[in-house]
Amino acid sequence: MKVKVISRNPDDYLRETKHDIHKVPRNYDPGLHPFEAAREYTRALNAVKLEKVFAKPFVGNLDGHRDGVSCISNHPKRLSVLISGAYDGEVRVWDLPQKLCLRNFVAHEGVVRGVIYNPSGNHFLTLGDDKTIKTWKTAAPQFGEEEEPVNTVISKTVLTGISHHVKDPVFATCGEICQVWEETRNEPVRTFEWGVDSLHDIAFNPVEPNLLASCASDRSIILYDTRDSGPLRKVVLKLRTNKICWNPMEAFIFTAANEDYNLYTFDTRNLKKPANVHMDHIGAVTYVDYAPTGREFVSGSYDKTIRIFETSKGHSREVYHTKRMQRITCVQWSLDNKYILNGSDEMNIRIWKARASEKLGPLKPREKAALNYSEALKEKYAAHPKIRRIARHRHVPKHVYNAQKELRTIRDKGKRKDANRRAHSKPGEVPHQPEREKHVLKEDH
Amino acid sequence: MESDTSENYEDFYTEEDAQKHEKLVDKVLRLNKTQHIRKPSRTEPTLQISEFNLVKSSGGDKGSVEINDLTKSLRNRKSRLRISENVKRAHKASHTLPKPLEKPQANKIRRTVAYEKTRLELDRWEATVTANRVSTNLSFPLNDDVKMDQKESENFASMWRVKSKLAEELEKHEPTVEEYHISLEQEEFPLTMKEMLARRKEAAKLRAYQGYKEAKARRQNKIKSKKYHRIQKREKIKKKLKEFEQLQKTNPEEALKKLEEIEKSRIEERFSLRHKSTGKWARNQQIRAKYDKESRQNLAQQLTLSRDLTQKSKTNGSSSEEEDEDVEKAPMGIDETNPWVNGVKPGKEVADFISGYRKYWLEQNKTAQKSDAEKTEDVLENSENVDSNLIKLDQPESNKNVLLKKKKQKVVTSDLSFDVEETVEKLEKDKKVPQKKKKQKRNEQMNNSKSTSEWEVSLVENGEAVEDMFKRAENKLKKKMLRNVKQLKKKLVPKTLAKLQREVAKDKVKVDLSLPIQKKTPQIDEALIENIDAEIRSNEELSNLKTILSSQTKQKPCDIDPEKYLKINPTNLATAIPNIVTNEEVDDQRAVISEAFEDDDIVDEFNKDKSNEADKDKPKNINLTLPGWGSWGGTGVKVNKRKKRRFTLKAPKKIPRKDDNKGFLIINESAQNKVKEHMVSEVPFPFKTVKDFEASVRAPISNTFMPETAYKKLIKPAVTTKMGTIIEPMSKDLLLNKNS
C-alpha cells in the first residue's frame, strides 16, 4: 500500500537565525496573480511620485569669491578638493565636504582664464590674461611663508585656455596659437597654427592623449595630433563653439557647446555631421563636461540653467536652476559620478547632486534593492503617459519658459514654411533636411 | 684679396661710420635713376630662416662651382682617374629631385594622411566602446578588475591541496611571501645576441627572396615570346583545372563558387569586345591573311574563340565534334561560319588554298582516327579483366563492336581550351581506362558538364547508330547533371547569398559591431515638460469647452429621424406554401401591432432616454460674471442682463456623439475616461509592434511575482559606481585588440 505523506524540508520554512526574515513560501504561478501588471504599474506610479518628492538636487554653495568665477578644476586624485579662479585674478582652493575655503590668493592680474591640476595632483597651473602661466604647489604654504608660484612662464601670445595631458607632464594652451608645453620647460615644445583666428578652448583627449581639439573664433573646431603631424582636420559650424569636451570612455567622441543654444556630439572619424544634436538650452551654451562614466554630460548656459544630457539622447533629462544663480561660466562633474559643481557670474560655486533624488551615503542592502527595483519599474513603464508626465515635469523660471515658448514658435514657423514650400514645389525640389545635417558648414582638410 | 682688404677696412670703422657710409652709398645709388633690387643678405643667425631671404651664392649662377670642375683637377694623377669616373657616372645616374609642393598644398596632404591614420587608430576602440554601450550593467571604475585578476591565478591550484604536516611545519619556519606577478612588457626578457642575429638573418633571407621574386617577375614581364606565354598559359590552366577537380571532390561548395566565378568571367568576356576581331591586331591579321598562312590560322582561332564566347553556356554541352578538335583544325570546317566568306568573297587563291588544306586535313583525320581506334583497342584488350559492369554503365545492351569515341566537352572559359595532343597524350598514358571512367562518372555526378576532357567508351553495332546513341546518352547525362547541379545550387545559394550580403555590409561600413539590444525598455527622447509655478491651473471645464468649441464640426444634424417609425422586416419562413404576401396584409399586421402597443410607445421612450443621456454629457453654459464688478453689488441687486449675456461662455448646442446615428444604441462616452489616461497611445521607440511592447510590460519584475534570483537580475542598475572612488578615463588596458 502506498501512503502519501506531506513532507517538507525545514530549510524552506525555518530561518537559520532569529535575525533572518521569515521565509514565506510563494507560488509564482502567473495564473494565481492576475493583477501582476496592474500592481506593478501602481508601484511604478508611486515610485515616480516619490522620486519627485525626493528630488532635491541642490547640496550647497561655496561663497567667497569677490568676482565672477571664471574657471574651476577637480583634483585628479582627491574628491574633496576643488580649485577655482575668478575674474579678478583670485584663485581659491576649496574643501568640498566642509564647504570651506582652504586657501586664497591673487594669482594673476586680470582674469584667471584657466586652472588645472597636473595628473599627480602635486601642482596646479593657472593661466591669466597677463599672458603668464604659473605653477603652484598644492600644499598650502607654511605659516609665515608667502604665496609664491613655483614657476612662472611668460608667454609671447595671449592665453585663453589650458588642458593637461592625462598622464605625462605635458599641457597645451590656446590663444592666438595652439601651444604644447612641458612642465619643466619655459618655452613651448610645439606650436600649431592653422589659420589666423584665435582659439578660445582646448582639450586633450583623455583616452588617446595625443589627440587635441580646440575651437576657434572662426566658428571652427580643429583637431591636432601632438606627436608630429600637427593639425588634422577642421569642422566649421554655423556658430561659434564655446567649449569642447572629450568623452572619457569613448575615445572618438567629443561634445561641443555651441553659441546657437545647442550641443553637438561628434564622432572624430566622421566629422561631416554630428553624431547627435542636443537641444533644450535657450541661451548660448558656455560649458560642457562629461560624467566620468561617459554616459552623460552636463552643460552650463548663458540662460542661467544647467542641463544634464544623456549622450545618446537629444533632449536633456534634467534642468537645474536657482533664483540667484546667474550666467553659468563653468561646470564640472565630480570624478565619483555623484556631484556636479558649477561656477557662475555671481561669485558662487554651487554643488548639485548628479541625480536629483538619489539618496546620499551608504545604503543597506534592502534599501538598495528597493531603490533599484523602483528604478527598474520607472524604466519599464517610462512610456506610460501618467508616469511620463510626472517623471518629465520640471519647474523652470519664467524667463526660460517664455524663451522656450518663443523658440518653439520660431522652430514651428520654420518647419511650416518648409512644409509649405515642399507642398508647392516640384516633388524632390525641396528635400527634407535632417536636423543633424543642418549645422555643419564644411569640413576642411 | 678684395675681401681681405674690406675686412680690414671695416675694422677701422666704428658703427657710426658704417652708417654714414651706407647712407652715402644710398645717395650715390639714387643718382642713378634705375632702381636696384638689392640682394638679400644674411646678417644674424636666426632660428627661423625665411625662404625669401636665402642667398643663392656669392657669384650668382656664373660663380657656382660644379662637380665636374672639381674632378678635372684629379685627372693629373692616374690613381685618381677612377674617382673622377665614378663621380661622373654618379652624376649621370642621379636625377634632380622634383620641386617640392607648394606649402599649403603639402600641408593639406600631410593633414589628410595624418587624419586617416588617426582615424584608423581610433577605430581600434570601436569594439570596446560598442560593448560598453550595449552592456546592460556596467560597474565603474572599469580598470579595477583587470589589475586584480592576475594575482589569484598564481596560487589558485595550491589552495585546494591538502598540506602535509611536514609542509605545514616548513611553512611555519619559512612563511611564504605572496607574490603578485603582473606581466608587463618591460619584464619580458630581451633577445639574446644569438637570437637577434638569427632573427636578422631570417629577415635578410626573406628580403632577398622577395627581391629575387620581384626581379623574376620583372624579367618575365619583359619576355615577348608568344610561344613562351602560350605555354605558360597552358600550364596555368592545367594547374587550375587540377585544383578545380580536387575541389570538386573535397569541397563541392567551393567548387560551385569557383564555377560561378568562372562563369562570371566568361560573361564579362562575352560582353567585352575581346576576340571580336575588331582590334588593331585583328585588322592587321586580316590584311596579312591573304598571303600568310599563319595569320589566317590565327584569325580563325580567334573567331572560333569569339563564337564560343558569344554562345550561352548552356549550349556548350552540345558542342559538336568539330569544336573539340584543336583550334588549328578549325579552318577546315568554316565554310558557313567563316566570316570572310560571309561578308567578302575570298579570292581564288584563298579558295584553292582552303580546299587543299581541307583535303589534307580530312586525310589526316582519317589516319588519326584509325590510329586512335587501334590504340583504344589495345587499351581495352589490356583491361579486359576489369569488371564488365563498369563498361556497361552507360550502354548495357551493347557489347559487340568496340568503338571509341573521343569526346571533349568544351570548357567554359575562354582560356580553358585544350589540344588534341594533350588528350592523346592522356590516352596513351592512361592504360587503365575503366578506372578513369569511374572517376569521371563520379565527377559528373558531382558537377555539371563543364568539366574538361572526358572519355566515353561505348559498344555499338554499326557506325550510324553510334552517333544516335551517343547523343542520347549525352542528353541523359546532361539532364542528370543539370538536376544535380540545381539541387546543389538550391542548397547552396541561400547560404552564399547571405554571405554575399554580409560581405557587402562589411564593405559599406568599415566597422559594424551593432549588437541587438539586450534589454528592451522604452527610450524616451523628448523635451522635458517645463512649466512655471505661476501658470494658471486652468479650469478643466473651461478648457474642455474651449477644445470642443474649436473642434466643433459644422455638420448639421438631420432633421428627419428615419428611425422614428418602427420598421418591421418581413421574415420568410421556409415552407412549401407559396409565399404570397400582399401589401395589404403587411399593413394589417402593422396596424395590429400598433393597436396592441397603443399605450406604451417604446420608440419614443428610448429616444427620450437617449436624449437625456446626451444632455448629461453636454457641456453647460458657464457664467463668468462677477457680481459687483463695475456695478453695485449686494443682496437684492440684480446683475445687468447685458452683462450676463456678455460674460456667459455659451456651450455649443450640438456636440457630435458616437451614438448619433446608431439607432437603438446609447454609448456612454465618459465610461472609459478613467482608464484612458493611463493607456499608452503609441508604441514607444525600440519596440516595433504592439505585441512586443505589451509583452515587455506584461512580464513582471518584482519579487512578488518572480523568484529572488530572477528579480535580482532584472533590477540590476545600468550603471553602478563605487562610493568615493575616482573613475579614471578609459585606459589602453581595456583595448580589445591592442596589436592591430
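We did not get these values from a lab; they are worked out from the coordinates using the rules stated. Please read all numbers here as calculations on a predicted model, not as lab measurements. Note: ideal-geometry Cβ built from the backbone for every residue, glycine included; neighbour counts use all protein chains shown.
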With x for Gly and Pro, the residue-by-residue ³J(HN,Hα) of region A:255-272, computed from phi through the Karplus equation 6.51 cos²θ - 1.76 cosθ + 1.60 at θ = phi - 60° and given in whole Hz, is 10, 10, 8, 10, 5, 8, 6, 10, 10, 10, 9, 10, 9, 4, 7, 9, 9, 4
The exposure ranking of A:388, B:645, B:80, fewest beta-carbon neighbours within 10 Å first, is B:645, B:80, A:388
Fewest-first ordering of A:425, B:79 by Cβ atoms within 10 Å yields B:79, A:425
The summed charge of the residue B:528 Cβ neighbourhood (under 12 Å; Lys/Arg +1, Asp/Glu -1) stands at +2
Plugging the Cβ-Cβ distance of residue B:595 and residue B:668 into 1/(1 + (r/R0)^6) at R0 = 25 Å yields, to the nearest 0.05, a FRET efficiency of 0.10
Which residues qualify? For residue B:140, with a placed amide H closer than 5 Å and at least 5 residues away or on another chain, they are B:720, B:721, B:722
Applied in sequence order to region B:613-624, the curve 6.51 cos²θ - 1.76 cosθ + 1.60 (Karplus, θ = phi - 60°) yields integer Hz couplings, x standing for Gly and Pro, of 4, 5, 4, 4, 7, 5, x, 9, 5, 10, 8, 9
Note to self: C-alpha centroids of region A:347-401 and region A:170-234 sit apart, in Å, by 39
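So what's the convex hull volume per residue for the Cα atoms of region B:83-125, in Å³? Before the final figure, lay out each step's value.
On the way: hull volume 4.6 nm³, N = 43.
Measuring per residue, one finds 107 Å³ for the Cα hull of region B:83-125.
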Checking A:363, A:100, A:223 against a Gaussian network model of chain A (alpha-carbon springs below 10 Å), the top fluctuating residue turns out to be A:363
Total charge of the residues flanking residue B:678 in space, meaning their Cβ is under 12 Å from its Cβ, with Lys and Arg +1 and Asp and Glu -1, is +4
Going residue by residue through region A:232-242, the Karplus relation 6.51 cos²θ - 1.76 cosθ + 1.60 with θ = phi - 60° gives ³J(HN,Hα) values, rounded to whole Hz and with x marking Gly or Pro, of 10, 7, 9, 10, 9, 9, 6, 10, 5, 9, 8
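For a quick check: sort A:321, A:22 by the number of other beta carbons within 10 angstrom, fewest at the front.
In increasing order of surrounding Cβ atoms, one gets A:22, A:321.
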Highest GNM mean-square fluctuation among A:229, A:70, A:334, for chain A with Cα springs under 10 Å, belongs to A:229
For residue A:161, the residues 5 or more places away or on another chain with a placed amide H closer than 5 Å to its own amide H are A:174
The alpha-carbon center of region A:64-85 and that of region B:591-637 are separated, in whole Å, by 72
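Can you figure out the FRET efficiency of residue B:117 with residue B:263, using R₀ = 41 Å and their beta-carbon distance, to the nearest 0.05?
Computed FRET efficiency for residue B:117 and residue B:263: 0.50.
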In whole angstrom, the spacing between the Cα centers of region A:280-320 and region B:651-703 equals 36
Among B:281, B:262, B:247, the residue whose Cα sits farthest towards the positive end of the charge dipole of region B:244-295 (+1 at Cβ of Lys and Arg, -1 at Cβ of Asp and Glu, taken about the Cα centre) is B:281
Over its alpha-carbon atoms, region A:150-190 yields an Rg and a Dmax in Å of 9.7, 27
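Would you tally the net charge around residue B:70, using a Cβ to Cβ cut-off of less than 13 Å, leaving residue B:70 out, and scoring K and R as +1, D and E as -1?
Charge balance in the 13 Å sphere: +2.
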In terms of the alpha carbon gyration tensor, root eigenvalues a ≥ b ≥ c, rounded if a/c is under 1.5 and otherwise prolate when a/b exceeds b/c or oblate, region A:58-353 is oblate
Links exceeding 19 Å between C-alpha atoms in this model, out of A:167/B:732; A:56/A:386; A:234/B:108; A:52/A:99; A:52/A:386, come to A:56/A:386; A:52/A:99
